[in-house]
1. If you check Arg284 against the conditions, is it at pLDDT 95 or above, within 19 Å of Gly99 (Cβ to Cβ) and surrounded by fewer than 23 Cβ atoms within 10 Å (Cβ to Cβ)?
2. For the stretch 47-60, what are the residues that are under 14 Å from Leu91 (Cβ atoms), more than 16 Å from the ligand (Cβ to nearest atom) and touching a residue at least 60 places away in the same chain (Cβ under 8 Å)?
3. Which residues, counting only those in the stretch 77-113, are of a type in the set (A, V, I, L, M, F, W, C) and outside any loop (DSSP other than H, G, I, E, B)?
4. Scan the stretch 138-155 and report the pairs whose first residue is without any contact (Cβ under 8 Å) to a residue 12 or more places away in the chain and whose second residue is within 16 Å of the ligand (Cβ to nearest atom), with Cβ atoms within less than 6 Å and a gap of 6+ or a chain change.
5. Could you check the stretch 259-281 and list, in sequence order, the residues that are touching a helix residue (DSSP H, G or I) at 6+ places or on another chain (Cβ under 7 Å), surrounded by fewer than 20 Cβ atoms within 10 Å (Cβ to Cβ) and outside any helix (DSSP H, G or I)?
6. What's the total number of residues in the stretch 288-316 that are part of a helix (DSSP H, G or I), crowded, with 23+ Cβ neighbours inside 10 Å and away from the ligand (no atom under 16 Å from the Cβ)?
7. Report yes if Gly84 is exposed (fewer than 15 other Cβ atoms within 10 Å of the Cβ) and either of a type outside the set (Ser, Thr, Tyr) or at pLDDT below 95 (or both), otherwise no.
8. Kindly indicate whether any position in the stretch 239-258 is at pLDDT below 95, in a helix (DSSP H, G or I) and over 25 Å from Glu182 (Cβ atoms).
Amino acid sequence: MATVTETQSLEEIAKALVAPGKGILAADESDGTIKKRFDSIGVESTEENRRSYRELLFTTEGAEEFISGVILFDETIRQSSADGTPFAELLASRGVIPGIKVDKGAKPLAGAEGETVTEGLDGLRERLAEYYELGARFTKWRAVISIGEGGLPSDYCIWTNAHALARFAALSQEAGLVPIVEPEVLMDGGHSIETSYRVTDRMLQALYTELFDQRVIREGSLLKTNMVVSGYDASEQADVDTVADMTIRCLENTCPAAVPGVVFLSGGMSDEDATARLNAMNQRGPHPWELSFSYGRALQAPALKAWGADTSKVEDAQKAFYRRAKFNGAARSGSYAPEWETAEVA
Ligand code: 13P
């Protein structure tokens, strides 16, 4: 079967990733991160467990109605389903666009205690060419920005990460791959929602300055960012309407209208919060860009728990994954209702 992505331009792929009612599944946990997730359910992180867990997600019947693309990890894009079909081919045959995380993780930033810069630019041009051959049509690079004591993040950290994100994005577009630029301002800490707003605003201003300077085509890219929220340890927690209003205001001030879509990360928010907040933002639409999701934990958590590496539980896990995909798909048009969480909605 011809794949949907064979002849599409960057702009068409970017638009397809944020098609109405759909969003992205982030299944690109690095070895360290998937081990943490498996530890939480008491499952050993072997290559076969990782493969069969990802197969369970990718073969969930009907999920493609709500999932436009999947971000894979290097190991995963080289793996196949039990019947020998490479995962990228399996996804494409279902109309789901395969993507790939290409950064090599956040490493300590020299001379900046407590801050990181994301590495992975060396040899990236060659790696991108290989990923294209393996079937990927979009890429992701994640920078990590912490809010901390003494005015952190520093401008040094923000601009160094913005520069690397833009170098990644330019190389991706050169290779025919849509870059998802992800500067994640962590939600950990006792900071207020106003601080989250200010830091996200600084980060996105720097990012779009660098993307502009490095000639990245905004129409052929997507932004993956955090929502503007109160820090997890803050005594006062902003409600869903405040999160929606402040996140939209921050994006209106920073993200060019030419960018087809913003896909949020879930960052440790509860499944329900991640869905309800996206829903509230879309109820306030239309916006200059599609507002969608690229959730890891908020799409996978109930499925992971239901599975527990027990083959007899695959169907339960798929049901749990389908349910979250469906709810987030509804949040794309503001038509999700929190009451669904307690109802028997399959
Ligand atoms: P979470 O939704 O679990 O934050 O993961 C999204 C992601 O891809 C982070 O890079």
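1. Working: at pLDDT 95 or above: yes; within 19 Å of Gly99 (Cβ to Cβ): no; surrounded by fewer than 23 Cβ atoms within 10 Å (Cβ to Cβ): yes.
Here the answer is no, as Arg284 does not meet what is asked.
2. Leu56, Thr59, Thr60
3. Of everything in the stretch 77-113, those that are of a type in the set (A, V, I, L, M, F, W, C) and outside any loop (DSSP other than H, G, I, E, B) turn out to be Ile77, Phe87, Ala88, Leu90, Leu91, Ala92, Ile97, Ile100, Ala106.
4. none
5. Matches in the stretch 259-281: Gly268 only.
6. The qualifying residues number 1.
7. When the stated conditions are applied, Gly84 passes them.
8. Scanning the stretch 239-258, I find no residue that is at pLDDT below 95, in a helix (DSSP H, G or I) and over 25 Å from Glu182 (Cβ atoms), so the answer is no.
The values are calculated or read from the model by the stated rules, or taken from the named source; none is laboratory data. On a predicted model such as this, the values are computed, not experimentally measured, just so you know. Please note: Cβ atoms are built from the backbone with ideal geometry, for glycine as well, and neighbour counts cover all protein chains shown.
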